[in-house]
1. Residue under question is LEU46, and the condition is that it be touching a Lys or Arg at 6+ places or on another chain (Cβ under 9 Å) and modelled with pLDDT under 95; does it hold?
2. What number of residues within segment 1-40 satisfy the criterion of being of a type in the set (A, V, I, L, M), part of a strand (DSSP E or B) and surrounded by fewer than 16 Cβ atoms within 10 Å (Cβ to Cβ)?
3. Is it true that THR39 is of a type in the set (S, T, N, Q) and modelled with pLDDT of 95 or more?
4. Which one of these does MET43 not meet: (1) of a type in the set (A, V, I, L, M, F, W, C); (2) in contact with a strand residue (DSSP E or B) (Cβ under 7 Å, 6 or more places away or on another chain); (3) surrounded by fewer than 14 Cβ atoms within 10 Å (Cβ to Cβ)?
Amino acid sequence: MPTTATLIIAASEVDANLYYATKFLAPDPFIFIEIENTTMLVMSDLEVDR
């Protein structure tokens, strides 16, 4: 059975798909990874405190 993966690299302020997936609004780009039922975000230290 194939594994489904999603990768989005963008700023959620300008990418509706990323904002919908994360419900997190940020002006700077960050990485969203979803593999099957696991979701990961990779972002700068400045965004973590939001």
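1. no
2. Filtering segment 1-40 down to residues of a type in the set (A, V, I, L, M) leaves 1, 5, 7-11, 14, 16, 18, 21, 25-26, 31, 33, 35, 40.
Those left that are additionally part of a strand (DSSP E or B): 5, 7-10, 31, 33, 35, 40.
Pick out the ones that are also surrounded by fewer than 16 Cβ atoms within 10 Å (Cβ to Cβ) and you get 5, 7, 9, 31, 33, 35, 40.
Residues that pass the stated criteria total 7.
3. Numbers: of a type in the set (S, T, N, Q): yes; modelled with pLDDT of 95 or more: yes.
Answer is yes for this residue.
4. (3)
The values are calculated or read from the model by the stated rules, or taken from the named source; none is laboratory data. What you see is a predicted model, and the numbers here were worked out from it, not measured in a lab. With ideal geometry, Cβ positions are generated from the backbone for all residues, glycine too; neighbour counts draw on all protein chains shown.
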